[in-house]
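These notes are about the structure you will find just below.
The values are calculated or read from the model by the stated rules, or taken from the named source; none is laboratory data. Treat the numbers as computed from the prediction; the structure is a model and nothing was measured. All Cβ positions, glycine included, derive from the backbone under ideal geometry; neighbour counts span all protein chains shown. Note: accessible area is taken over every heavy atom of the protein model, side chains too, but ligands, DNA and RNA are not part of it. Shrake-Rupley method; radii C 1.70, N 1.55, O 1.52, S 1.80 Å.
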Amino acid sequence: MSDSPRLIEVRAKVLKQNDLLARSLRERFHAAGVYVVSFVSSPGSGKTRFLEGLLTLVGRQHRVAALVGDLATENDAMRLKRAASRVQQITTGTICHLDASMIETAIQSWDLAELDLLFIENVGNLVCPSSYDLGEDLRFVLLSTTEGEDKPLKYPTIFNTADVALLTKMDMAEAADFDRDAAHRNIQSVRPGMSVLEVSAKTGEGMEAVATLLGDRLAASRNSLTVQAAQS
Amino acid sequence: MHELSIAISMIDQIQEESESRGGLTVKAVHLSLGLLSGVDKDALQFCYKAACQGTFLEGSQLVIEVVPIVLYCPACLTESRPVSIQQLACPECRTAGRVIRGHELEVASLEVAA
């Protein structure tokens with residue numbers, strides 16, 4: 001018998017546990033008719049300010065809740081609580097991203113049937129969150145006008161795993177010498193065909209368009225689930 | 001820097017695999033790592049070594065095979081390699097392609113003592 005090593009085929013996804021949990025979360029959300037949207041960006045791109053505005057706007061027509069991830073502090077949750085009644089902070093400690101198990105724990109005591117939309121604000125980080133499925137239906141990536149229009153080229157993976165890009169702080173664009181065309185070009189280069197919306201939570205510019213998009217997606221998701229249920 | 005979390009997930013998974021086969025002595029772990037996986041190869045090597053300490057995988061080698069990005073173009077009906085990670089449209093017709101390879105993050109195989 002030879003003592004040379006033998007090779008065993010495995011082909012197992014490293015994040016299989018997370019993927020399985022994310023899938024079961026997605027099934028639970030769908031069964032309860034909840035549409036889930038996550039938000040990723042670098043720190044300081046205006047995620048919380050944007051969500052404050054969005055929660056207020058969307059909350060007029062839908063029942064919304066939010067989960068917010070941060071390494072430390074509950075500051076963001078306290079801010080968002082002014083805009084929505086159901087807000088839960090996820091403090092990750094040293095972990096630089098949210099994963100599906102953190103979402104599962106955070107919503108443990110929630111009755112999902114009381115919700116239409118759930119927003120998940122990830123930890124400010126343009127690298128790590130890209131690997132983790134959270135069970136969301138739609139992933140937004142935010143890019144603020146003060147960050148520089150080449151961010152998509154520097155962080156292609158996160159832009160490629162997101163569904164919609166938001167250009168935030170449009171009210172600051174002129175002061176920051178923001179090259180709008182270059183930003184759009186760079187986004188299309190790393191994620192061809194991506195929808196891009198321009199917003200300012202401060203002036204309200206573009207916020208209605210985001211609220212409309214989410215309302216449409218929620219309705220479409222519920223329709224397709226009803227059709228699937230009728231066919232099965 | 002989430003490579004430590006990834007390394008720990010890998011070790012858990014290999015442990016499970018080993019137990020299901022009655023216990024393995026693992027010499028090397030072969031990992032397929034897509035260019036769009038969001039995981040850094042060198043950081044993962046470093047974290048793997050650190051995370052293996054005190055486990056049954058201590059001293060094992062991590063062999064990483066980087067998987068290039070492959071796009072499928074629905075207009076040309078062909079598969080192609082993009083010009084770069086920053087240009088992910090079909091190189092021929094500029095249509096938005098679908099990434100069919102490059103997201104991999106999987107343990108491909110294990111080299112075990114015979």
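Considering only region A:190-201, I want to know if a residue exists there that is assigned to a helix (DSSP H, G or I) and either at positive phi or more than 16 Å from the chain's Cα centre (by Cα) (or both). Can you show your working first?
Quick first cut of region A:190-201, residues assigned to a helix (DSSP H, G or I) only: A:190.
Those still in the list that are either at positive phi or more than 16 Å from the chain's Cα centre (by Cα) (or both) too: A:190.
Checked region A:190-201: at least one residue is assigned to a helix (DSSP H, G or I) and either at positive phi or more than 16 Å from the chain's Cα centre (by Cα) (or both).
With the structure loaded, tell me whether B:Leu88 is open to solvent by less than 50 Å² (accessible area, probe 1.4 Å) and within 18 Å of B:Ser32 (Cα to Cα) or whether it fails that test.
Values: open to solvent by less than 50 Å² (accessible area, probe 1.4 Å): yes; within 18 Å of B:Ser32 (Cα to Cα): no.
No; evaluated as a whole, the condition is false for this residue.
Residue pairs, Cβ under 6 Å, 6 or more apart or interchain, first in region A:178-192 and over 12 Å from A:Leu143 (Cβ atoms), second surrounded by fewer than 19 Cβ atoms within 10 Å (Cβ to Cβ) and not charged (D, E, K, R). List them.
Within 6 Å, the pairs are A:Ser189/B:Gln86; A:Ser189/B:Gln87; A:Pro192/B:Ala96.
Whether any residue in region B:34-48 is surrounded by 15 or more Cβ atoms within 10 Å (Cβ to Cβ), of a type outside the set (D, E, K, R), farther than 25 Å from A:Val127 by Cα and over 13 Å from the mean Cα position of the chain (by Cα) is what I want to check.
No: zero hits.
Return the residues of region B:1-32 that are within 28 Å of A:Gly124 (Cβ to Cβ) and open to solvent by 40 Å² or more (accessible area, probe 1.4 Å); say none if nothing qualifies.
Answer for region B:1-32, where residues must be within 28 Å of A:Gly124 (Cβ to Cβ) and open to solvent by 40 Å² or more (accessible area, probe 1.4 Å): B:Met1, B:Leu4, B:Ile8, B:Asp12.
Scanning for something in contact with a Gly (Cβ under 6 Å, 6 or more places away or on another chain), closer than 28 Å to A:Leu57 by Cα, touching a residue at least 60 places away in the same chain (Cβ under 8 Å) and not aliphatic (A, V, I, L, M), does region A:204-220 turn up at least one residue? Break it down stepwise before answering.
Narrowing region A:204-220 to residues in contact with a Gly (Cβ under 6 Å, 6 or more places away or on another chain): A:207.
Those still in the list that are closer than 28 Å to A:Leu57 by Cα too: A:207.
Cutting the leftovers down to touching a residue at least 60 places away in the same chain (Cβ under 8 Å) gives us A:207.
With the extra rule that they be not aliphatic (A, V, I, L, M), the set shrinks to none.
No: zero hits.
Can you find a residue that is among the basic types (Lys, Arg) and exposed (fewer than 14 other Cβ atoms within 10 Å of the Cβ) anywhere in region B:49-71? Lay out the reasoning, then the answer.
At the first step, the residues of region B:49-71 found to be among the basic types (Lys, Arg) are B:49.
Now drop any that are not exposed (fewer than 14 other Cβ atoms within 10 Å of the Cβ), which leaves none.
Among the residues of region B:49-71, not one is among the basic types (Lys, Arg) and exposed (fewer than 14 other Cβ atoms within 10 Å of the Cβ), which makes the answer no.
Being facing chain B (nearest Cβ under 10 Å) and open to solvent by 20 Å² or more (accessible area, probe 1.4 Å) is the filter; apply it to region A:132-156 and report the residue that is nearest to A:Thr92 (Cα to Cα). Spell out the reasoning first.
Filtering region A:132-156 down to residues facing chain B (nearest Cβ under 10 Å) leaves A:132, A:150, A:152-156.
Among the residues that remain, those that are also open to solvent by 20 Å² or more (accessible area, probe 1.4 Å) are: A:150, A:153-155.
Numbers: A:Asp150: 29, A:Leu153: 28, A:Lys154: 25, A:Tyr155: 22 Å.
Residue satisfying both the conditions and the ranking: A:Tyr155.
Would you be able to say whether some residue in region A:170-184 is of a type in the set (Phe, Trp, Tyr), open to solvent by less than 50 Å² (accessible area, probe 1.4 Å) and in a loop (DSSP other than H, G, I, E, B)? I'd like the intermediate steps shown before the answer.
First, the residues of region A:170-184 that are of a type in the set (Phe, Trp, Tyr): A:178.
Within this subset, residues satisfying the condition of being open to solvent by less than 50 Å² (accessible area, probe 1.4 Å) are A:178.
Subset that is in a loop (DSSP other than H, G, I, E, B): A:178.
Yes, the conditions are met somewhere in region A:170-184.
Residue by residue, here is whether (1) in contact with a Pro (Cβ under 7 Å, 6 or more places away or on another chain); (2) open to solvent by less than 30 Å² (accessible area, probe 1.4 Å); (3) under 19 Å from A:Val164 (Cβ atoms) holds:
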| residue | (1), (2), (3) |
| --- | --- |
| A:Val190 | yes, yes, yes |
| A:Met194 | no, yes, yes |
| A:Leu197 | no, no, yes |
| A:Ser200 | no, yes, yes |
| A:Thr203 | no, no, no |
| A:Glu208 | no, no, yes |
| A:Leu214 | no, yes, yes |
| A:Ser224 | no, no, yes |
| A:Gln228 | no, no, no |
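Looking only at region A:1-58, how many residues end up being away from every other protein chain (no Cβ under 14 Å) and acidic (Asp, Glu)?
From region A:1-58, those away from every other protein chain (no Cβ under 14 Å) are A:23-39, A:41-58; that's our starting set.
In the following step, the residues that additionally are acidic (Asp, Glu) were identified as A:27, A:52.
Residues meeting the conditions: 2.
Of all residues in region A:110-127, which are more than 14 Å from A:Ile90 (Cα to Cα) and either touching a Pro at 6+ places or on another chain (Cβ under 6 Å) or free of Cβ contacts under 8 Å to residues at least 40 places away in the same chain (or both)?
Listed by number, the residues that qualify are A:Asp111, A:Val127.
Conditions tested, residue by residue: (1) away from chain B (no Cβ under 12 Å); (2) surrounded by fewer than 22 Cβ atoms within 10 Å (Cβ to Cβ); (3) modelled with pLDDT of 95 or more; (4) within 17 Å of the chain's Cα centre (by Cα).
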position: A:Met78; (1), (2), (3), (4): yes, yes, no, no
position: A:Ser85; (1), (2), (3), (4): yes, yes, no, no
position: A:Met102; (1), (2), (3), (4): no, yes, yes, yes
position: A:Thr105; (1), (2), (3), (4): yes, yes, yes, no
position: A:Ser109; (1), (2), (3), (4): yes, yes, no, no
position: A:Phe119; (1), (2), (3), (4): yes, no, yes, yes
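If you go through region B:1-54, how many residues are in a helix (DSSP H, G or I) and among the β-branched types (Val, Ile, Thr)? Steps first, please.
First pass over region B:1-54, keeping only residues in a helix (DSSP H, G or I): B:3-20, B:41-52.
Filter once more, keeping what is among the β-branched types (Val, Ile, Thr): B:6, B:8, B:11, B:14.
Counting residues in region B:1-54 that are in a helix (DSSP H, G or I) and among the β-branched types (Val, Ile, Thr) gives 4.
Considering only residues that are farther than 7 Å from A:Val40 by Cα and among the β-branched types (Val, Ile, Thr), which ones fall in region A:124-147?
A:Val127, A:Thr145, A:Thr146
Which one of B:Arg81, B:Arg94, B:Arg98 is surrounded by fewer than 16 Cβ atoms within 10 Å (Cβ to Cβ), over 14 Å from the mean Cα position of the chain (by Cα), facing chain A (nearest Cβ under 9 Å) and within 23 Å of A:Pro152 (Cα to Cα)?
Working: B:Arg81 fails: facing chain A (nearest Cβ under 9 Å); B:Arg98 fails: facing chain A (nearest Cβ under 9 Å).
Matching residue, one of B:Arg81, B:Arg94, B:Arg98: B:Arg94.
Name the residues in region A:1-20 that are open to solvent by 40 Å² or more (accessible area, probe 1.4 Å) and not in a loop (DSSP other than H, G, I, E, B), would you?
Of region A:1-20, the ones open to solvent by 40 Å² or more (accessible area, probe 1.4 Å) are A:1-7, A:9, A:11, A:13, A:16-17, A:19-20.
Within region A:1-20, A:Arg6, A:Leu7, A:Glu9, A:Arg11, A:Lys13, A:Lys16, A:Gln17, A:Asp19, A:Leu20 qualify.
When region B:75-88 is examined, which residues are found to be out of contact with any strand residue (DSSP E or B) (no Cβ under 6 Å at 6 or more places or on another chain) and within 21 Å of A:Asp150 (Cβ to Cβ)? Walk me through how you get there before you give the answer.
Here is the first cut: in region B:75-88, the residues out of contact with any strand residue (DSSP E or B) (no Cβ under 6 Å at 6 or more places or on another chain) are B:75-78, B:81, B:83-88.
Within region B:75-88, B:Val83, B:Ser84, B:Ile85, B:Gln86, B:Gln87, B:Leu88 qualify.
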